[in-house]
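Data first, discussion second: the structure below is written as structure tokens.
The values are calculated or read from the model by the stated rules, or taken from the named source; none is laboratory data. Note that this is a predicted model, so its numbers are computed, not measured. Counting neighbours? That spans all protein chains shown, and the Cβs are built from the backbone with ideal geometry, glycine included.
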Amino acid sequence: MNKTYGTVVMFFCLAMAVPGLNGQNLLIKNGTLLTVTQGTIMKGDILILNGIIKTIGRDIQTTDDVQVIDATGKYVIPGIIDSHTHIGLSGTNEMGATITSEVKMRDVLNAEDTSIYTAITGGVTMVHTMHGSGNPIGGENVVLKLKWGKSAEEMVVGEAYRTLKFALGENPKQANVFGTGGTPRYPQSRMGVNAIIRREFLKAKNYMEQWERYNAAKKSKKGAKNLIPPRKNLKLEPLVAMLKGDMYARCHSYRADETLEFIKLSKELGFKIICFEHAVEAYKIARELAEENIGISAFLDNWAYKVEASEGIAYNAGYCTKQGVLVSINSDSPERIRRLFNDAAKSMKYGGLTEEEALKLITINPAVQLGVEKIAGSLEEGKHGDIAIFNEHPLSAYTRCDMTIIEGEVYFDRDQYLQEREEREKRKREEQKTKEKKGGVR
């Protein structure tokens, strides 16, 4: 038994003995591995044991009970991550109030949303599915692995950051009285949006201080039995978590000026912004975003669909990347999500990014923004076995995703899908012929 084989067997035994992911065992062989962070490996193999990448290299041998996938002539990349979408939900906006920080997208997960399957046909393995942009402060978002056919709870990624949705501009100021049945509500201006966010955080600071005083008094022996705790406020609890650094802001924003205003507000109140969503004017303030270590999750070439998006440019993602901003490309769509690799490729033309930089826009960059870079976003030993296999280079205009794997389990196989579809169509034809024959007898 050679050294490589012995090492693999040892890893396999450890994987079986140590509790971890409920993943599968899989060996992908002879593919062109685009690792994203560690270069390209030609004719490379990836061994996944118990859902975790155990070995990456060449000529890896393993035991007979490990499924083998021949990737000869194909390209293997880490699973694509969409950092801003709304799929897998049975609700997006809570329009009954202006501030809705108490709502959680985890409570309305819909594991039967067919958009999940659409996404995995395009190599997407993970998404950040979010509250909508109808409120200055919306609800808590959730990160999912797209395990089609599994329960909603099995999809939730516990390692991800907790994030709260904020929104600036046209949507929350109700320029078109969106979703309110034609009844205007406060705020109706950009300054009102800023003001109401400040107001709620000041309430949260006061609420936090009340609990701190109560907890401090409770620890002292004198009078501890007679203490009455402050009333629980579910709307302020998430804002307190943000003030304590346990939750981060993801903010829908278009115009450069109000983006800067929100940054100033975060410094004033003491919360952290991880990422601005859409940020079509980010190129105007790329230096400021880089200095503050705030990323953007943007469209590649989609703009001018409303007034505040009128100054978007296709060079936004590429330019901001070169200025040191952490950029990801998102879909914000249940349809466009299946071709994020096409959008990433456009950044090479509009922005001059390299192949590796372009792939990072849909892999490791969104992983960092979501706080999951230790488990996803690149092909590295120790990370989850979330992988997409393409028939041609994933940045080619002619490519397609042939297989999507999550934690070593195949969730989409194009060849199998086409075979099953042909069998269904054949059965339908046969059933139709049978009906016609019976009709002819009568």
Let me spell it out: the conditions are (1) surrounded by fewer than 19 Cβ atoms within 10 Å (Cβ to Cβ); (2) within 22 Å of the chain's Cα centre (by Cα), and Y417 meets all of them except one. Which number is the exception? (2)
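What about K264, is it surrounded by fewer than 21 Cβ atoms within 10 Å (Cβ to Cβ), basic (K, R) and modelled with pLDDT under 95?
On the way: surrounded by fewer than 21 Cβ atoms within 10 Å (Cβ to Cβ): yes; basic (K, R): yes; modelled with pLDDT under 95: no.
Against the criterion (surrounded by fewer than 21 Cβ atoms within 10 Å (Cβ to Cβ), basic (K, R) and modelled with pLDDT under 95), K264 does not qualify.
M130: farther than 27 Å from V280 by Cα, touching a residue at least 24 places away in the same chain (Cβ under 8 Å) and not assigned by TED's automatic domain parsing to the domain that holds Y75, yes or no? Outline the logic, then answer.
Working: farther than 27 Å from V280 by Cα: no; touching a residue at least 24 places away in the same chain (Cβ under 8 Å): yes; not assigned by TED's automatic domain parsing to the domain that holds Y75: yes.
Spelling it out, it is not the case that M130 is farther than 27 Å from V280 by Cα, touching a residue at least 24 places away in the same chain (Cβ under 8 Å) and not assigned by TED's automatic domain parsing to the domain that holds Y75.
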Quick one: in the range 165-209, of everything that is at pLDDT below 90 and of a type in the set (A, V, I, L, M, F, W, C), which residue is farthest from K232 (Cα to Cα)? A175
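Filter the strands (runs of 3 or more DSSP E) completely within the range 20-62 down to those with at least 2 residues that are charged (D, E, K, R).
Numbers: elements: 26-34, 40-49, 52-57.
Fully inside the range 20-62 and qualifying: 40-49.
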Tally up the residues in the range 411-442 that are free of Cβ contacts under 8 Å to residues at least 40 places away in the same chain, under 26 Å from M126 (Cα atoms) and outside any helix (DSSP H, G or I), please. 1
Sole exception among (1) of a type in the set (G, A, S); (2) in contact with a Cys (Cβ under 9 Å, 6 or more places away or on another chain); (3) over 30 Å from I52 (Cα atoms) for S328, by number: (3)
Can you tell which of D301, D343 is in contact (Cβ under 8 Å) with a residue 40 or more places away in the chain, in the same structural domain as D257 (by TED's automatic domain parsing) and over 14 Å from Y283 (Cα atoms)? D343
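For the range 265-298, how many residues are in a helix (DSSP H, G or I) and touching a residue at least 60 places away in the same chain (Cβ under 8 Å)?
Within the range 265-298, the subset in a helix (DSSP H, G or I) is 265-269, 282-292.
Next, only the ones that are touching a residue at least 60 places away in the same chain (Cβ under 8 Å) stay: 265, 268-269.
Residues flagged as in a helix (DSSP H, G or I) and touching a residue at least 60 places away in the same chain (Cβ under 8 Å) within the range 265-298 amount to 3.
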Within the range 311-340, restricting attention to residues that are within 18 Å of I285 (Cβ to Cβ) and among the hydroxyl-bearing types (S, T, Y), which residue is nearest to the chain's Cα centre (by Cα)? S328
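Would you confirm whether any residue within the range 81-94 is over 30 Å from E357 (Cβ atoms), acidic (D, E), assigned by TED's automatic domain parsing to the domain that holds R190 and not in a loop (DSSP other than H, G, I, E, B)? Full working, then the answer.
Narrowing the range 81-94 to residues over 30 Å from E357 (Cβ atoms): 89-94.
Checking which are acidic (D, E) leaves us with 94.
Next, from what is left, pick out any that are assigned by TED's automatic domain parsing to the domain that holds R190: 94.
Those left that are additionally not in a loop (DSSP other than H, G, I, E, B): none.
Within the range 81-94, none of the residues are over 30 Å from E357 (Cβ atoms), acidic (D, E), assigned by TED's automatic domain parsing to the domain that holds R190 and not in a loop (DSSP other than H, G, I, E, B).
Among the candidates T55, T35, which residue alone is among the β-branched types (V, I, T) and over 24 Å from the mean Cα position of the chain (by Cα)?
Details: T35 fails: over 24 Å from the mean Cα position of the chain (by Cα).
Of T55, T35, the one residue that is among the β-branched types (V, I, T) and over 24 Å from the mean Cα position of the chain (by Cα) is T55.
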